[in-house]
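Heads up, the thing below is written out as structure tokens.
Computed from the coordinates by the stated procedures, all read-outs in this text should not be read as laboratory data. On a predicted model such as this, the values are computed, not experimentally measured, just so you know. Virtual Cβ from ideal backbone geometry, glycine too; neighbours counted across all protein chains shown.
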Amino acid sequence: MRYLNLMASVLALAASAEAGALGSLARVSVVDRDTGVTLQTYYARGEYWVAGDPGSRYGIEIRNCASGRLLAVTSVDGVNVLSGDTAGFDQAGYVFDPDERYQITGWRKSNAEVAAFTFTDSRDSYAARTGRPANVGVIGIALFRERPQAVNAPPRIASPPAPEAGAAPPVAGDARGSLAEDSMAGAAALQRAPAAAPEARLGTGHGEREYSYAVDTEFHRMQSQPNELIRIRYDSFANLVAMGIIHKPRPAPHAPEAFPDSEQRHFVPDPR
């Protein structure tokens, strides 16, 4: 019986950890690595949002829920987290076995190191420091299924696919579009927000080097466009409140005390 109860507790904790996760092929969440807390997601204006704590390190946690391997081409602030290139669907990404869970914790510097993701002033973000500030404030995960005939190999990083003879480029008017186009549209919506942000917008900095081992593998995509596209926008809590994304609860009205300067004795209350 204790074993069953323990397992129930573990399952409850696992469910709680994925409470803020998004996606169907894979479950994606943003984790504050300094506290270990999965950031709550808010849905507003057709977007998913999380509130980051300035100065904190964070990770993008992905769990493959599909029956086969998945490729996750991942971008932060419009920049590919593996190559540092301006993000596009046809680039390198992380490969996940079925039910595999992995936390992407930084900008990949080699197969053994990353530079940690940190919430920072947008002007100090990696994208801004490399001359690409237009898409700061968004995390993107483009998920691709694998061709059934491909041979499985130890997963981690897959290189961009070689161009196919006669292959047509993605249609610019595709409903899913590109991360850059989506971010520009979202930015335009934010400019129509009634309240101004009280503090500088958040971006993702190029933090300290950390050990993070990965190996190369081959991956043959089922199609050129993502099977699923997940996007999460982020900013500070104060800014999201000012933009109306997060609604702060109203404080309870103060109840007057007859003897405000006297301590009240408290005893153990009766059970209900």
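With 0.36 nm allotted per residue and the present C-alpha distance subtracted, the GLU257-ASP270 stretch has 2.3 nm of extension available. Sequence-ordered 3J(HN,Hα) estimates for segment 206-214 from the Karplus curve with 6.51, -1.76 and 1.60 and θ = phi - 60° stand at 9, x, 5, 5, 9, 6, 7, 8, 8 Hz, glycine and proline given as x. Compactness of segment 64-142 is given as radius of gyration and Dmax, 13.2, 41 Å, from Cα positions. Extending 7 Å from the Cα toward the beta-carbon at both VAL215 and GLU113 defines two label points whose distance is 2.3 nm.
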